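Worksheet: the structure to be examined is printed underneath.
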Amino acid sequence: MFITEIRTRNFRNLADEKVEFFDGINVLTGNNAQGKTSVLEAISILGNLHSFRTRRLREVIRFGEKNSDIFGKFTRSGVEDELLIRIDGLGRRIIRSGKQVKDIAEVLGCFPVSSFSPDDIDIIKGGSLVRRRFLDKGCITLFRHFFENHRAYYKALLSRNRIIKTQGVPEDDLLKSYESVMAVSGIELTKMRRSLVNILRTSIRRKNFLENKGAIVDIKYKSGIYSEKDVAGDEDEYRRLLFDKRSIDFQRGFTTIGPHRDDFVIMIDGHPAREFASQGQKRLLAISMLLSLIEETRKAENTPVLLLDDVSSELDSKNRRELYNELSRIGGQILLTTTDSSLYEEIEIPIRIYHVETGRCTIKMERNI
Amino acid sequence: MSEVMRRLVALLRRLPGVGEKTAHRLSIFLLTSPPEYGRELARALQEAVERVRPCAVCGNLSESTPCELCADPRRDRSLLCVVERVPDLMAIEASHEFGGLYHVLHGVLDPLKGVGPAELNIEPLFSRLSGEVREVILALSASVEGETTALYLRQRLQDRGVRVSRIASGIPVGGELEYVDRGTIGRALSGRREM
């Protein structure tokens, strides 16, 4: 799938004009605060119905105006689709090909858009929650029963925690019933997350565009159920573990084992990247993870449009070149922002470069190979 | 708006499915209809509220305890069907497929909303088992809450010498497979029967 054009109205500092994109690498270049990221933001709102920049959608409405529109045209296997999102002080309305959409489930996932911004380096540097969310994003598209199991597990987990916290001596039968649900759904979650980590491990090892070509990257899944063992486990064993942990859990006031504590470690040459990788390596690793996830999940889904906000800023020219080659190899539609487009101009890949100034996008150069 | 009307609107708004606008519309309707209708409604409401109570045996709503169902000598006393709410009981009754007795829990376990076993009509269920009951059928919803409630009841029923079963879930009768959601199809397949 790719986006052919967008048109915004009263959207941040963007001009109320049509911008057309091509089905390849679109580079938005220009000085700071000219509107490069706002173009990506508008597209991410079309695809995900929320912004990667702010939680409050109304912040995108240009100062002094009441509402704002984002209109986009998409093409999938030759079929066109249109989406209009109107944002006002109260919320948003979604209109698909002229018809108002009542249930957002109807459009969610129809226009897949993945974004990557400098903050996403948290997948290496940040806490385990960021990494679980990253895995879950992939699991939802790869595994059919992931969502149901995820919902059941977390509901049962929160219920068990509440019982532990509020009751002095919780009833054995009551705890057991929540532990049963946790065991069944928790084992499923573990299996799915583990197999995604294994898929990503193989995929990331094929990406040899990391600094020092020799660097060996590995990813290790760390189950929240078993701290040491690397086994899939079974329900009964997990149930027994939950039972054994009860007295510790009562003391601490929460459930100490389970997929809610899952994590994975990214290793570079046998050492955790979090401590041993340089800033540039971390950024490359983070983007490699995202690219691997996109490559692996698009087999199951239609290819997402990839939005890359200022990802090359910390890379040296050699690594930039490697990254651009990798991007063109991956294919699909990519929109990226940069303050310096000189490398793109010399590298031999199909590309369209835009110059963004005071909210206006104009085509600076185009190359088809 | 007068004080009396405001009070009426505020009370109507507390009904399920009634918001500000509907509450206004209902009160205007009541006040512009012949006054006899409003009086009749008030009388019926008062009478119902005073006379209808949950049955002390099964929890069903009735004017008598035991209720008509519990007192009916033609019902099969060896079968006990556990439901969440009175409307579930009514739905099963309307199907004419079940001739046993009922037990209404008045909810499902949900610790996050402060509902534990003590908040539900669960203990009286066990005191009913000493008699002729041979099988307890759990007719609870297929949600996480319904599921855990069923597991909990099974846990506590298993040592009492009764058979515990759970109603099947699957393709609706007269429904087309094509429009059934994935979860239901999965359950229908795993719960298939030989024929």
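So the values come out like this:
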quantity: Condition met for residue B:44 (closer than 28 Å to residue B:103 by Cα, without any contact (Cβ under 8 Å) to a residue 60 or more places away in the chain, of a type outside the set (Asp, Glu) and assigned to a helix (DSSP H, G or I)); calculated: yes
quantity: Residue satisfying condition, being in a loop (DSSP other than H, G, I, E, B) and either at negative phi or surrounded by fewer than 22 Cβ atoms within 10 Å (Cβ to Cβ) (or both), within set A:294, A:257, A:266, A:248; calculated: A:257
quantity: Condition check for residue B:40: under 21 Å from residue B:153 (Cα atoms) and at pLDDT 95 or above; calculated: no
quantity: Residues of segment B:143-195 satisfying the condition of being free of Cβ contacts under 8 Å to residues at least 60 places away in the same chain, out of contact with any Lys or Arg (no Cβ under 7 Å at 6 or more places or on another chain), within 14 Å of chain A (Cβ to nearest Cβ) and small (Gly, Ala, Ser); calculated: B:143, B:183, B:186, B:190
quantity: Count of segment A:105-133 residues which are assigned to a loop (DSSP other than H, G, I, E, B) and within 13 Å of residue A:283 (Cβ to Cβ); calculated: 1
quantity: Residues satisfying the stated conditions in segment B:19-53, i.e. aliphatic (A, V, I, L, M) and closer than 30 Å to residue B:64 by Cα; calculated: B:41, B:42, B:44, B:45, B:48, B:49, B:52
quantity: Condition broken by residue A:47, with the remaining ones in (1) in a strand (DSSP E or B); (2) within 20 Å of residue A:21 (Cβ to Cβ) satisfied; calculated: (1)
quantity: First in segment A:137-158 and away from every other protein chain (no Cβ under 12 Å), second anywhere and part of a loop (DSSP other than H, G, I, E, B), Cβ under 6 Å, 6 or more apart; calculated: A:141/A:300; A:141/A:301; A:142/A:300
quantity: Failed condition for residue A:136, given (1) acidic (Asp, Glu); (2) closer than 30 Å to residue B:158 by Cβ; (3) out of contact with any Phe, Trp or Tyr (no Cβ under 7 Å at 6 or more places or on another chain); calculated: (2)
quantity: Candidate set: segment A:167-209, residues that are closer than 19 Å to residue A:246 by Cβ and at pLDDT below 85; chosen: the one nearest to the other protein chains (Cβ to nearest Cβ); calculated: A:167
quantity: Failed condition for residue A:61, given (1) farther than 30 Å from residue A:349 by Cβ; (2) touching a Leu at 6+ places or on another chain (Cβ under 9 Å); (3) among the aliphatic types (A, V, I, L, M); calculated: (2)
quantity: For residue B:80: the one exception among (1) away from every other protein chain (no Cβ under 14 Å); (2) in a loop (DSSP other than H, G, I, E, B); (3) within 29 Å of residue B:172 (Cβ to Cβ); calculated: (2)
quantity: Identity of the residue in segment A:123-135, among the charged types (D, E, K, R) and touching a residue at least 24 places away in the same chain (Cβ under 8 Å), that ends up nearest to the other protein chains (Cβ to nearest Cβ); calculated: A:132
quantity: Selected residue (criterion: nearest to residue B:116 (Cα to Cα)) from residues of segment B:136-195 that are among the aliphatic types (A, V, I, L, M) and loosely packed, with under 11 Cβ neighbours inside 10 Å; calculated: B:168
quantity: Only one of A:68, A:44 that is in contact with a helix residue (DSSP H, G or I) (Cβ under 8 Å, 6 or more places away or on another chain) and in the same structural domain as residue A:351 (by TED's automatic domain parsing); calculated: A:68
quantity: Some residue of segment A:7-29 being farther than 30 Å from residue A:367 by Cβ and assigned by TED's automatic domain parsing to the domain that holds residue A:325; calculated: yes
quantity: Hey, residue A:224 in a loop (DSSP other than H, G, I, E, B) and at pLDDT 85 or above or not; calculated: yes
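Every residue, every condition in (1) assigned to a strand (DSSP E or B); (2) charged (D, E, K, R); (3) surrounded by 16 or more Cβ atoms within 10 Å (Cβ to Cβ), yes or no:
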{"residue": "B:4", "(1), (2), (3)": "no, no, no"}
{"residue": "B:15", "(1), (2), (3)": "no, no, no"}
{"residue": "B:21", "(1), (2), (3)": "no, yes, no"}
{"residue": "B:39", "(1), (2), (3)": "no, yes, no"}
{"residue": "B:49", "(1), (2), (3)": "no, no, no"}
{"residue": "B:88", "(1), (2), (3)": "no, yes, yes"}
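The values are calculated or read from the model by the stated rules, or taken from the named source; none is laboratory data. If you're wondering where the values come from, they're calculated on a predicted model, not measured in any experiment. With ideal geometry, Cβ positions are generated from the backbone for all residues, glycine too; neighbour counts draw on all protein chains shown.
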